[in-house]
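J.: Here it is, the structure in full.
None of the figures in this text is laboratory data; all of them are computed from the coordinates on show. Treat the numbers as computed from the prediction; the structure is a model and nothing was measured. Please note: Cβ atoms are built from the backbone with ideal geometry, for glycine as well, and neighbour counts cover all protein chains shown.
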Amino acid sequence: MAGRTGSPASRWSELRYDRLLPLAARSRAAGRQYARLVGAIELARDRRRRHTAIERIVRWQGVSRSAARRIFLASLASEALEEADSIFFMRDREALLRWFPDRREIPPLAGPTIFATLHFGHPVLSYAFLRRATEVDLRVIVRGLDAANPMAGAKRRWGERKIRWLHDLTGVESLWTDGTSIARARDHLLERGPLFAAIDVPGEAVARASTVSIAGDRVSFSSGIMALARMTRCALQPVVAISHPDRMQIHFGRRIEPDSDPTTPLFAELETFIRRFPGEWWLWPYVTSP
């Protein structure tokens, strides 16, 4: 393998995505083993990230450091489980359809809507479910795999593979975060077509950011989706999805109507998911203060 002469980080990335992840395609049980193993290794390998996450969890959740460590470990495993479930369902699309929840759980769409999610649980597969279940032209906005979104080579190859599979699964291509794609997203909303997007991209990773208060901390997140919602006067529907062995569970929050700036009420609603399911949110060590 070419990465043997690279950095420890690149060697670990190649081991994780080129050798371990394919084993997760064998079964859902193998995928959960992969998630537990990767979570434990990720917890051990980055002391600074671990410290930042634990301190934030202690403040936000009001728990002990040992409990915060367990929550952070669960969040690392949650991100790895999303990879494992994805690679398993790439092989067995019929199993994926059986794993989706009942479409009657989806709140009715009343006018232009952005389904707003987090880097939490199963964002990609929840989009796939909603696109299939709503029977409308739901489109997803994602960050492109470009120089502004740096990844190790093996992780980038996995990301590119997953995006190709998602396009094949849903029958449409993703919208990116460049100017042309955002213009298309605006037109889509104005034509009453819904969108799906993660709104918790850290502020330092984007050109435009806004500051919100979560658990008493002032933190910075991308403001692009909020600007799009204000521009089109569309509603925002909070949603997160969590993997279970026999099903995917979808949680919907209170719909945010376009009466005023949606930033504060939307993040307040999504904060309830982080408080209820802290081990499902992947970004504990990555959010930034302004």
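J.: Per 10 Å bin from zero, what fraction in whole % of the C-alpha pairs of the stretch 10-56 is there, up to the bin with the longest pair?
T.: P(r) over the stretch 10-56, rounded to whole percents: 25, 44, 25, 5.
J.: In addition: Order by neighbour count: 266, 228, fewest other Cβ atoms within 10 Å first, most last. Each step should come with its number before you reach the end.
T.: Working: 266 23, 228 18.
The order, fewest Cβ neighbours first, is 228, 266.
J.: Among DSSP beta bridges lying fully in the chain, give the percent that are antiparallel, nearest 5.
T.: The antiparallel fraction comes to roughly 55 percent.
J.: Do me a favour and compute the ellipsoid semi-axes for the stretch 2-280 from its Cα gyration tensor, root of five times each eigenvalue, largest one first, whole Å.
T.: 29, 23, 19
J.: Using bins 10 angstrom wide from zero, how does P(r) for the stretch 1-91 break down, in % of all Cα pairs?
T.: Per 10 Å bin, starting at 0, the Cα pair percentages come out as 17, 39, 31, 12, 1.
J.: Now a separate question. Within a 10 angstrom radius of the beta carbon, how do 139, 45 rank from fewest other beta carbons to most?
T.: 45, 139
J.: May I pose another question? Only loop residues by DSSP count here, and only those with at most 10 other Cβ atoms within 10 Å; note down the trypsin sites (Lys or Arg not before Pro) in the stretch 164-239 that meet that. Intermediate results must be reported in sequence, preceding the final value.
T.: On the way: sites: 164, 184, 186, 192, 208, 218, 230, 233; in loops: 192, 208, 233.
Counting only loop positions with at most 10 other Cβ atoms within 10 Å, the trypsin sites (Lys or Arg not before Pro) in the stretch 164-239 are 208.
J.: How would 119, 244 line up from fewest to most surrounding beta-carbon atoms within 10 angstrom? Show your work: numbers first, answer last.
T.: Working: 119 20, 244 10.
Fewest-to-most ranking of 119, 244: 244, 119.
J.: Based on the Cβ-Cβ distance of residue 98 and residue 67, what FRET efficiency does E = 1/(1 + (r/R0)^6) give at R0 = 45 Å, to the nearest 0.05?
T.: It comes to 0.80.
J.: If a/c stays under 1.5 just call it rounded; otherwise compare a/b with b/c (prolate if a/b is bigger, oblate if not). Do that for the stretch 40-93, with a ≥ b ≥ c from the square roots of the Cα gyration tensor eigenvalues. Walk me through the numbers on the way to the answer.
T.: Values: a/c = 3.78, a/b = 2.29, b/c = 1.65.
Prolate, because a/c is 1.5 or more and a/b exceeds b/c.
J.: Shifting gears a bit: So for the stretch 81-206, considering every pair of alpha-carbon atoms, how many percent are separated by more than 24 Å?
T.: Of the Cα pairs, 28 percent sit more than 24 Å apart.
J.: For the chain, what does the helix formula give at 222 nm: sum of -39500 (n - 2.57) over DSSP H segments with n ≥ 4, over the residue count, nearest 500 deg cm²/dmol?
T.: Numbers: 10 runs with 139 residues, N = 290.
Roughly -15500 deg cm²/dmol at 222 nm, from the helical runs in the chain.
J.: Rounded, prolate or oblate: which fits the stretch 239-290 when a ≥ b ≥ c are the square roots of the eigenvalues of the alpha-carbon gyration tensor, with rounded for a/c under 1.5 and prolate only if a/b beats b/c?
T.: On the way: a/c = 3.15, a/b = 1.30, b/c = 2.43.
Verdict is oblate for the stretch 239-290.
J.: A follow-up question, please. Counting only Cα atoms, I'd like the Rg/Rh figure for the stretch 207-279, Kirkwood definition for Rh. Don't skip to the answer; put the middle values down first.
T.: On the way: Rg = 13.7 Å, Rh = 13.5 Å.
Ratio of gyration radius to Kirkwood radius: 1.01.
J.: Follow-up question, since we're still on this one. Residue by residue through the stretch 125-137, what is 3J(HN,Hα) from phi via Karplus (6.51 cos²θ - 1.76 cosθ + 1.60, θ = phi - 60°)? Round to whole Hz and write x for glycine and proline.
T.: The phi angles translate into 6, 5, 4, 4, 4, 5, 5, 5, 7, 7, 6, 10, 7 Hz.
J.: Arrange the peptides 282-289, 78-85, 255-262, 67-74 so that the one whose residues have, on average, the most other Cβ atoms within 10 Å appears first.
T.: 78-85, 67-74, 282-289, 255-262
J.: Between the stretch 149-186 and the stretch 215-290, how far is it from one alpha carbon centroid to the other, in angstrom?
T.: 21
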